[in-house]
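This report refers to the structure that appears directly beneath it.
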Amino acid sequence: MHLFTRICSNQEICSDCYCGIQSLSCCFNSTGDKICQCKPGYAQKNRACVEMCASDSDCLNGGICKRFGNGSFCECRTHFIGDKCETSTVCDELRERCKAIGALCTQNNGKPACECPPHKTYILQTGFCE
């Protein structure tokens, strides 16, 4: 874990804090708000340094580049997360149930489904991929 601190003015209270790997420094102001100094191309969003976008084409999976605070960031569609909306969460709820029957969670048109691995078939009588 990387901890970054900086010398704070009289109005600020210094403490170790973390703004992510893209931060240069971090401190808390007198009201307890986290202040992150981010590397170029990154800005503070939701208490961490996040990569900024310039247009919608910088965002993946239908995300939209929107102005937020001191920068522009990708706003992700449902079931996507990450600075650029690069990570799908569609299988998060189904993954463990699929694993329990020996299957993998896959996406088909944005919908999760359990799918048996190659050379295995779902056997209705046993409820497992065999």
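Bear in mind these aren't lab numbers, they're just calculated from the coordinates by the rules spelled out. This one's a predicted model, so the numbers in the text were calculated from it and none came from an experiment. Glycine also receives a Cβ, built like all others from the backbone with ideal geometry; neighbour counts cover every protein chain displayed.
Odds and ends about this structure:
- Compactness relative to 2.2 N^0.38 Å, alpha carbon Rg of the chain: 1.52
- A protection proxy built from the mean count of other Cβ atoms within 10 Å ranks the segments 105-114, 42-51, most packed first, as 42-51, 105-114.
- FRET efficiency estimate (nearest 0.05) - Cβ-Cβ, GLU75 to GLU96, R0 25 angstrom: 0.30
- Highest-MSF residue in the chain out of LYS120, LYS39, LYS66 [GNM, Cα springs under 10 Å]: LYS120
- FRET efficiency estimate (nearest 0.05) - Cβ-Cβ, ILE64 to LYS111, R0 25 angstrom: 0.70
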